[in-house]
Amino acid sequence: MASNTVVGALFQEGTSQGRPLYFNGQHFSHWKVRMETYTMSNDIKLWRVIKKGNLLILPKKDKDAEIIVSSNPLNLDEYTEEQAVVIQMNAKEKTLLYNAISAEEYEKISSYETAKEMWDKLEVTYEGTNKVKETRINLLV
């Protein structure tokens, strides 16, 4: 019975490079730093998806490109190669996030389309908005 507890604890903490660090709703700031490093160590482009959002390059009729932020991807048959790469990066980061959180945390972010939206929701939930952060800093000074 004791070995099951140890195995469960190891599984939650992400003991391999293939599994991200586990977040169960406690110690968000610690998990956030570790998750940022884990994500960048896998692929720096994944961290860019978190910070910048899901940028899709949509060609115009005059062959110029327009960059837009979209949480509603195009029909799969309409993807350009560039769009497919960006959408795949978003899917990879969402996978990392889903594998790194508890069921309770999943409920908070599962309705969002982009990894950036998911990350932002976790930040606001556990750190508050920028105004809340500024107030906390002012109280400490």
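Values in this text are rule-based calculations from the coordinates and carry no lab data. Just so we're clear, the structure is a prediction, and the values are computed from it rather than from any experiment. When we count neighbours, we look across all protein chains shown, and the Cβ atoms used for this are built from the backbone with ideal geometry, even at glycine.
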Which links in LYS52/LYS131; LYS94/LYS131; LYS32/LYS92 stretch past 25 Å when you go from one Cα to the other?
-> LYS94/LYS131
For the pair ALA103 and LYS52, what calculated FRET efficiency results from E = 1/(1 + (r/R0)^6), where r is the Cβ-Cβ distance and R0 = 22 Å, to the nearest 0.05?
-> 0.15
Total charge of the residues flanking GLU117 in space, meaning their Cβ is under 13 Å from its Cβ, with Lys and Arg +1 and Asp and Glu -1, is +2
5 angstrom amide H check on PHE23, placed H, neighbours 5+ away = ILE101, SER102
Would you mind computing, in nm to one decimal, how far apart the modelled labels at GLN26 and SER110 are, each placed 7 Å from Cα along Cα→Cβ?
-> 2.3
